[in-house]
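J.: I am attaching a structure below and will ask some questions about it afterwards.
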């Protein structure tokens, strides 16, 4: 067996896992498991969002090291599921490097999501969260129409533009100009709700949450990179919207959620189903994501609005539920938990806070900047701790179960 080529194929899979939406620590764990399956004397793997490094020592005493630069990341959960199955197969059967390459190539040549489905998903996501943020029917229709621009325009723009700041700036500026031109024609319309709905399609606050989660697990380099990548994307949105407002004399905005809890639950469920489709989830898991989002926000709303607990504690408890829900769904469907975690947690994601934080910077509004930054950090920390608390409970429960078996 050619160990150098084998290591190359293992890193190819790690690269594709990151590109498809796998978390850093899960990608690292998958690479370790594959290396261990081949009986290497020692393996050292380090993964951050833009780089993978691996060193192995073979039974013959040879040492190989390879480094891979990850040029692009995103979400394609159908491909992630197939890659996860490939990892399982490799760990069980330990095929040679040629077999791995052929199976990897088969996954990469699968048909991508159709642009029409991607556009419909964006319309559901943008329109749903527009209502969630206080918009009416006409606002939702406008947000859904602008989502078409983001989906179709973004599809072609992404082929030319890799810089997330420029990418978000262009799309946000175009959409905000349309908002400011169209909304005055409809009395009672809510431009801020439309803006918040379409901003959710561009915002990357989940990356901020993952960054804080990485840092709590002492993976500081990956955490910092994730956080700054999210801030960069939000800065692009804020600058694009600020430019449009300066050109067309737009007014400052203030984000508020719709006051009806049933409408909140309905709109966020529709929006999260849209995001699940946007992340290329297929089949029944799309509906499972909607169910998870519904109960996630219900738990948060009951704690926050009825029990009047703090935003941090309500977020933490709701995040624990999301982690538990994803854990159960992953085992029931035999799929990565990320597929059920990412969309179901969207109602908790402080995308609007991250956007308004960067918007405050463009407007030199120090009061808004402090408020939104504190809320953003509280929410992200609550989500990250909720995930970690559930993970700790599962690890300790598993250890106790194993010890009881050995004691017998």
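The values are calculated or read from the model by the stated rules, or taken from the named source; none is laboratory data. Quantities reported herein were computed from a predicted structural model and do not represent experimental measurements. A quick note on method: Cβ atoms are made from the backbone with ideal geometry, for glycine too, and the neighbour counts reach across all protein chains shown.
J.: Cβ-Cβ distance below 7 Å, separation of 6 or more or different chains: which pairs start in the range 88-101 with a residue that is more than 15 Å from residue 14 (Cα to Cα) and end on one that is surrounded by fewer than 17 Cβ atoms within 10 Å (Cβ to Cβ)?
T.: Once the first residue is more than 15 Å from residue 14 (Cα to Cα) and sits in the range 88-101, its partners that are surrounded by fewer than 17 Cβ atoms within 10 Å (Cβ to Cβ) give 94/37; 96/1.
J.: Now for a different question. Scan the range 325-336 for residues that are in a helix (DSSP H, G or I) and surrounded by 16 or more Cβ atoms within 10 Å (Cβ to Cβ) and report the count. Even if it seems obvious, please write down each step before you answer.
T.: Keep residues of the range 325-336 that are in a helix (DSSP H, G or I), which gives 325-333.
Subset that is surrounded by 16 or more Cβ atoms within 10 Å (Cβ to Cβ): 325-327, 329-330, 333.
Total satisfying the criteria: 6.
J.: From the list 265, 221, 232, pick out the single residue that is more than 27 Å from residue 154 (Cα to Cα), in a helix (DSSP H, G or I) and in contact (Cβ under 8 Å) with a residue 60 or more places away in the chain.
T.: On the way: 265 fails: in contact (Cβ under 8 Å) with a residue 60 or more places away in the chain; 232 fails: more than 27 Å from residue 154 (Cα to Cα).
After ruling out the rest, the residue left standing is 221.
J.: Please determine whether any residue of the range 285-295 is under 21 Å from residue 386 (Cβ atoms), surrounded by fewer than 19 Cβ atoms within 10 Å (Cβ to Cβ) and more than 18 Å from the chain's Cα centre (by Cα).
T.: There is at least one residue in the range 285-295 that is under 21 Å from residue 386 (Cβ atoms), surrounded by fewer than 19 Cβ atoms within 10 Å (Cβ to Cβ) and more than 18 Å from the chain's Cα centre (by Cα).
J.: Next question. Residue check: is residue 316 surrounded by 16 or more Cβ atoms within 10 Å (Cβ to Cβ), more than 29 Å from residue 19 (Cβ to Cβ), assigned by TED's automatic domain parsing to the domain that holds residue 243 and over 16 Å from the mean Cα position of the chain (by Cα)? Break it down into steps so the answer makes sense when it comes.
T.: Values: surrounded by 16 or more Cβ atoms within 10 Å (Cβ to Cβ): yes; more than 29 Å from residue 19 (Cβ to Cβ): yes; assigned by TED's automatic domain parsing to the domain that holds residue 243: yes; over 16 Å from the mean Cα position of the chain (by Cα): yes.
Taking the combined requirement at face value, the residue satisfies it.
J.: What number of residues within the range 139-175 are modelled with pLDDT under 90 and part of a helix (DSSP H, G or I)?
T.: As a first pass, look at the range 139-175 and keep what is modelled with pLDDT under 90: 158-164.
Among the residues that remain, those that are also part of a helix (DSSP H, G or I) are: 164.
Count: 1.
J.: Does the range 284-307 include one or more residues that are part of a loop (DSSP other than H, G, I, E, B), touching a helix residue (DSSP H, G or I) at 6+ places or on another chain (Cβ under 7 Å) and over 21 Å from residue 209 (Cα atoms)? Show your work before the answer.
T.: Taking the range 284-307 as the starting set, the residues that turn out to be part of a loop (DSSP other than H, G, I, E, B) are 284, 307.
From what is left, the residues that are touching a helix residue (DSSP H, G or I) at 6+ places or on another chain (Cβ under 7 Å) are none.
Scanning the range 284-307 turns up no residue that is part of a loop (DSSP other than H, G, I, E, B), touching a helix residue (DSSP H, G or I) at 6+ places or on another chain (Cβ under 7 Å) and over 21 Å from residue 209 (Cα atoms).
J.: If you don't mind, there's one more thing I want to ask. Looking only at the range 195-204, decide whether some residue is at pLDDT below 85, under 27 Å from residue 79 (Cβ atoms), crowded, with 20+ Cβ neighbours inside 10 Å and assigned by TED's automatic domain parsing to the domain that holds residue 274.
T.: First, pick out the residues of the range 195-204 that are at pLDDT below 85: 203-204.
Narrowing further to those that are under 27 Å from residue 79 (Cβ atoms): 203-204.
Narrowing further to those that are crowded, with 20+ Cβ neighbours inside 10 Å: 203-204.
Cutting the leftovers down to assigned by TED's automatic domain parsing to the domain that holds residue 274 gives us 203-204.
There is at least one residue in the range 195-204 that is at pLDDT below 85, under 27 Å from residue 79 (Cβ atoms), crowded, with 20+ Cβ neighbours inside 10 Å and assigned by TED's automatic domain parsing to the domain that holds residue 274.
J.: What about residue 237, is it part of a helix (DSSP H, G or I) and surrounded by fewer than 24 Cβ atoms within 10 Å (Cβ to Cβ)?
T.: Numbers: part of a helix (DSSP H, G or I): yes; surrounded by fewer than 24 Cβ atoms within 10 Å (Cβ to Cβ): no.
No, not satisfied.
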